[in-house]
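Q: Here's a structure for you.
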Amino acid sequence: MQMVSISRALLGSPGLVLMDEPSQGLAPKIVQDVMKTVSRLKSEGIAVLLVEQNAQSALAVSDRAYVMDHGKVVHQGPAAELLEDAPMRERLLGV
Amino acid sequence: MTETPLLHVDQVHKTYTQGVLNKRVTFDLQADFTIEKPGIVGVMGPNGSGKTTLFELITGSNNPTSGQVRVCGQDIHQVRSDQRDRLAIHYHQSYQVRHFRKRRPNFMLQPSSTDYPKVHLFDEPQFNTQDGYIGFMLDFFRRLREESRLVVLCVHPNEPFHLRIMQEICESFIFVQKGRLTQAPDFNTLLQNPDVTAYLGELVGSQAA
């Protein structure tokens, strides 16, 4: 279903795609495919704003990361930085 | 005499068909297993494999085409529907509340030290990274377990730490694929199933990291 939504969103050749928890309720292999699709969109010059609970999977395909809490952005920076900084990840994301 | 098993799914078949005259089977679930004792059982499987149907059959909200489900010795489909949740309860994904800090679902506030229900089926509880949420859920599962209940936990592990949680908390596993069940007595046995490794994809091997 998520793949169908993604294909549909791409029909109008958008410059920006917003994804609200595309991995919700999906099996791991499918989520990995969704994340690969996100990377492909990026390589084709489409910007992606990805909202995710699965922080590690999302950070792995992202360039920049924003952590939100109660309506505020409490952290922003390169995604790789957050992914590699275990204490900061723990503090901000709990994982 | 042996004790009555907590859960006995006795040759249950559930067949969904399409069409009136030319009936065509669109989905067929077959389950036959017994869980004798309290414990935490992990359930995994691809989307559409029959996990939720299985949970519905165990709580009696869905009728099997054939076979019987007995919870604590009682045929769940013969129990009055308003009494079934005294035996088995199905927590849907949506029981999770967004404003977790302010409010918890009612069932979590209730003291669980009553005699019922004995079987708790959690259907994809979201291990969100809100403060303390995961720890709270794990404590809840363990408390139910200590109170001699059966916890069945259906999760799609999507992050390495999800898989570690399942490995740590579940005492045995059931893998569901295309309406067929495979039981695994432990995590290592589960991972020996090629269908399981295909389902997990790149997560396999990453759980050691």
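The values are calculated or read from the model by the stated rules, or taken from the named source; none is laboratory data. What you are looking at is a predicted structure, and each value in this text was computed from that prediction instead of being measured. Methodologically, a virtual Cβ is constructed for each residue, glycine included, from the backbone with ideal geometry; neighbour enumeration extends over all protein chains shown.
Q: Is it the case, given these coordinates, that A:Leu11 is farther than 30 Å from B:Gln177 by Cα, touching a residue at least 24 places away in the same chain (Cβ under 8 Å) and surrounded by fewer than 17 Cβ atoms within 10 Å (Cβ to Cβ)?
A: no
Q: I've got another one for you. Quick one: which of B:Pro125, B:Pro117 is more than 12 Å from every other protein chain (Cβ to nearest Cβ), part of a loop (DSSP other than H, G, I, E, B) and either at pLDDT 90 or above or in contact with a helix residue (DSSP H, G or I) (Cβ under 8 Å, 6 or more places away or on another chain) (or both)?
A: Being more than 12 Å from every other protein chain (Cβ to nearest Cβ), part of a loop (DSSP other than H, G, I, E, B) and either at pLDDT 90 or above or in contact with a helix residue (DSSP H, G or I) (Cβ under 8 Å, 6 or more places away or on another chain) (or both) holds for just one of B:Pro125, B:Pro117, which is B:Pro117.
Q: Moving to a separate point now. Identify the residue in region A:34-63 that is part of a strand (DSSP E or B) and surrounded by 13 or more Cβ atoms within 10 Å (Cβ to Cβ) and, among all such residues, is nearest to the other protein chains (Cβ to nearest Cβ).
A: Once the filter is applied, the top-ranked residue is A:Leu50.
This table checks each residue for (1) closer than 29 Å to A:Ala58 by Cβ; (2) out of contact with any strand residue (DSSP E or B) (no Cβ under 7 Å at 6 or more places or on another chain); (3) away from every other protein chain (no Cβ under 13 Å); (4) surrounded by 15 or more Cβ atoms within 10 Å (Cβ to Cβ).
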position	(1), (2), (3), (4)
B:Ser148	no, yes, yes, no
B:Asn158	yes, yes, no, yes
B:Ile165	yes, yes, no, yes
B:Glu168	yes, yes, yes, no
B:Val176	yes, no, no, yes
B:Leu181	no, no, yes, yes
B:Asn188	no, yes, yes, no
B:Asn193	yes, no, yes, yes
B:Leu203	yes, yes, no, yes
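Q: Could you identify the single residue in A:Glu81, A:Glu90 that is under 28 Å from B:Gly135 (Cβ atoms), touching a strand residue (DSSP E or B) at 6+ places or on another chain (Cβ under 9 Å), surrounded by fewer than 19 Cβ atoms within 10 Å (Cβ to Cβ) and charged (D, E, K, R)?
A: A:Glu81
Q: Contact list please: Cβ distance under 8 Å, first residue in region A:75-95 and away from chain B (no Cβ under 13 Å), second residue surrounded by 14 or more Cβ atoms within 10 Å (Cβ to Cβ) and polar (S, T, N, Q), pairs at least six apart or on different chains.
A: A:Ala79/A:Ser62
Q: Something else about it: If I go through region B:181-209 residue by residue, how many of them are touching an Asp or Glu at 6+ places or on another chain (Cβ under 9 Å) and touching a residue at least 60 places away in the same chain (Cβ under 8 Å)?
A: 1
Q: Next question, about the same structure. Determine which member of the set B:Arg84, B:Arg70 is surrounded by 15 or more Cβ atoms within 10 Å (Cβ to Cβ), at pLDDT 95 or above, over 30 Å from B:Arg164 (Cα atoms) and not aromatic (Phe, Trp, Tyr).
A: Matching residue, one of B:Arg84, B:Arg70: B:Arg70.
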